[in-house]
Amino acid sequence: MSPLLTDLVGYYNLDEAGDYDAAVDYAGNMGDMSVSGGTLISAGGPGSNLARDFSGGRTLTQLVNFSNFSEAPFSINFWILQNSNGGQYPFDCSAGYAGFTCFLATDAPYVNLYAFTPDYDSPGTIETSGAFGSWVMFTLVWNGADYSYYENGGLIGTAAFTPAGAFSTSIAPFQISPAFLPVDGAMSLFGIWGRELTGAEVTELYNDGNGRSFAEL
């Protein structure tokens, strides 16, 4: 078995062509995500891959609570093309008050993780390139003590992140482009692992800017 399939929790190519089609979990462990907040249409993605267009407040939701985000380690890898220069949430399992979330800003620019335990915990910020209008691959790896951020396959920085207490996802679904601050743009090739990805694996996922669909893992 390919190492990239080891501890793979969920993998969404986000290449479904129909306006109302759910996002298929090809790994089969997390479950498909349903469409809400309007229609999601297919668009061109990194390399020869397709993507889902989230412009206009569109959201994908996994209504089954996702408990894996209450503990380390985990890794999240996704491609994103942002149409506007501003802050957006690529994913969330906090519903804004309990759980875990990620904020991505292109105008600042930085990426940040947050946990609600129920206290508000943040590791500080890691600067990004601030690129928008082009496809960028983001990788977040959390080992329980700190998190590392990769951009386009290369390590950008590491920040300490040890939440003050256990955080719960029992009252929040997992969402891609959550409704309270959705992505203005498109996303593709969204993967979640219940372990730390290595730098070599992140480079492999980048695949010279082409990304890797589930079949290519």
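Computed from the coordinates by the stated procedures, all read-outs in this text should not be read as laboratory data. Note that the structure is a prediction, hence the values are computed from the model and not measured. Every residue, glycine among them, receives a Cβ derived from its backbone with ideal geometry; neighbour counts consider all protein chains shown.
Just a few scattered comments:
- Residues L60, L5, L189, L50, ranked from the fewest to the most other C-beta atoms within 10 Å, line up as L5, L50, L60, L189.
- Spin-label model distance (nm) - T162 vs E71, 7 Å beyond Cα toward Cβ: 1.9
- Annotation for L155 and L5: the two label points, set 7 Å from Cα along the Cα-Cβ direction, are 2.9 nm apart.
- Calculated FRET efficiency for the pair N210/S84, C-beta based, R₀ 30 Å, to 0.05: 0.75
- Rounded FRET efficiency, nearest 0.05, which uses the C-beta distance separating R195 from D119 and R0 of 25 Å: 0.40
- Per-peptide packing, taken as the mean over residues of other Cβ atoms within 10 Å, places 76-89, 17-30, 175-188 in the sequence 175-188, 76-89, 17-30 from highest down.
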